[in-house]
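*Asks:* Please see the structure below; I have some questions.
The values are calculated or read from the model by the stated rules, or taken from the named source; none is laboratory data. Quick caveat: nothing in here was measured; it's all calculated off a predicted structure. Note that each Cβ is placed from the backbone with ideal geometry, even for glycine, and that neighbours are counted across all protein chains shown.
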Amino acid sequence: MPGQDSFLDVAANLVGILIILVMVVGAHAKNSFIVGELPPVPAPPPQVDVASAEAAAADVERSMAELEGKINRQAAETAFREAERNQLQLVVALAEDELAKSRAAMTEEDRAEYDLAHMWLEPELRGNLRFAYYGSGHMVYLHAESHHQMKADLAKFYDDVLGR
């Protein structure tokens, strides 16, 4: 009956299959070996001229001494520039502090005009800056008079820009 094979029958079948596989692999391996020649024996090292080797070593030492000198000069230059940079940062920090104090003393309108006047604009573009102040501040939609004034200022601005 199928499925009634004993354990020993199954084990014998597996061993037989393994033996066949080993024989097939062995037959293929036998044909795959390539007979090669032994690598040639390296030639003895050439005779080195001691005088030229000493001259080359002296050149290398001289180059190393030059490089060490350059490195030392570069390190000194770096230290000098770092000290110079640290002093410059101190001056900039002091200038920024003074600028902040001066700006704090200005009114909001003066600060806006100062900032716009000191933008890096071409001289011919500076004339394009316009200033207008409204009693309501930036919320002109809450104050009717400021709203009407801003509308008139914008209409004039548009007319000027469009050349009317």
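*Asks:* Please go through the stretch 123-142 and give me each residue that is assigned to a loop (DSSP other than H, G, I, E, B) and basic (Lys, Arg), ordered by number.
*Replies:* Scanning the stretch 123-142 gives a single hit, Arg130.
*Asks:* Please state which of the following conditions Glu61 fails to meet, knowing it meets all the rest: (1) free of Cβ contacts under 8 Å to residues at least 12 places away in the same chain; (2) in contact with a Ser or Thr (Cβ under 7 Å, 6 or more places away or on another chain).
*Replies:* Unmet for Glu61, out of (1) free of Cβ contacts under 8 Å to residues at least 12 places away in the same chain; (2) in contact with a Ser or Thr (Cβ under 7 Å, 6 or more places away or on another chain): (2).
*Asks:* Next question. Condition first: under 27 Å from Ala100 (Cα atoms) and either of a type in the set (Asp, Glu) or loosely packed, with under 10 Cβ neighbours inside 10 Å (or both). Can you find one or more residues in the stretch 150-158 that meet it?
*Replies:* There is no residue in the stretch 150-158 that is under 27 Å from Ala100 (Cα atoms) and either of a type in the set (Asp, Glu) or loosely packed, with under 10 Cβ neighbours inside 10 Å (or both).
*Asks:* Would you check if there is a residue in the stretch 155-162 being touching a Lys or Arg at 6+ places or on another chain (Cβ under 9 Å), among the hydrophobic types (A, V, I, L, M, F, W, C), in a helix (DSSP H, G or I) and free of Cβ contacts under 8 Å to residues at least 24 places away in the same chain?
*Replies:* No: zero hits.
*Asks:* Residue by residue through the stretch 112-130, note down the ones that are among the charged types (D, E, K, R) and closer than 23 Å to Leu154 by Cβ.
*Replies:* Once the filter is applied, which keeps residues that are among the charged types (D, E, K, R) and closer than 23 Å to Leu154 by Cβ, the stretch 112-130 yields Glu113, Asp115, Arg126, Arg130.
Rundown of residues vs (1) charged (D, E, K, R); (2) at pLDDT below 85; (3) surrounded by 10 or more Cβ atoms within 10 Å (Cβ to Cβ), yes/no style:
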residue	(1), (2), (3)
Glu124	yes, yes, no
Tyr133	no, yes, yes
His138	no, yes, no
Ala144	no, no, yes
Arg164	yes, yes, no
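*Asks:* Just checking, does the stretch 94-108 include any residue being more than 30 Å from Gly137 (Cβ to Cβ) and among the hydrophobic types (A, V, I, L, M, F, W, C)?
*Replies:* Within the stretch 94-108, one or more residues are more than 30 Å from Gly137 (Cβ to Cβ) and among the hydrophobic types (A, V, I, L, M, F, W, C).
*Asks:* While we're here: Take Leu94 and decide whether it is of a type in the set (A, V, I, L, M, F, W, C) and at pLDDT below 90.
*Replies:* Yes; evaluated as a whole, the condition is true for this residue.
*Asks:* Could you say whether any residue in the stretch 44-53 is modelled with pLDDT under 80, assigned to a helix (DSSP H, G or I) and either loosely packed, with under 10 Cβ neighbours inside 10 Å or touching a strand residue (DSSP E or B) at 6+ places or on another chain (Cβ under 7 Å) (or both)?
*Replies:* no
*Asks:* While we're on this one: Select from the stretch 102-122 the residues that are surrounded by fewer than 10 Cβ atoms within 10 Å (Cβ to Cβ) and either part of a helix (DSSP H, G or I) or touching a residue at least 12 places away in the same chain (Cβ under 8 Å) (or both) and list them in ascending order.
*Replies:* Ala104, Ala105, Glu108 - these are the residues of the stretch 102-122 that are surrounded by fewer than 10 Cβ atoms within 10 Å (Cβ to Cβ) and either part of a helix (DSSP H, G or I) or touching a residue at least 12 places away in the same chain (Cβ under 8 Å) (or both).
*Asks:* Further, regarding this structure: Can you tell me which of (1) outside any helix (DSSP H, G or I); (2) at pLDDT 75 or above is the one Gly26 doesn't meet?
*Replies:* So Gly26 meets the others, but not (1).
*Asks:* Checking the structure you have, find out if any residue of the stretch 149-158 is touching a helix residue (DSSP H, G or I) at 6+ places or on another chain (Cβ under 6 Å), at pLDDT 85 or above and aliphatic (A, V, I, L, M).
*Replies:* Within the stretch 149-158 (the criterion being touching a helix residue (DSSP H, G or I) at 6+ places or on another chain (Cβ under 6 Å), at pLDDT 85 or above and aliphatic (A, V, I, L, M)), the answer is yes, since at least one residue qualifies.
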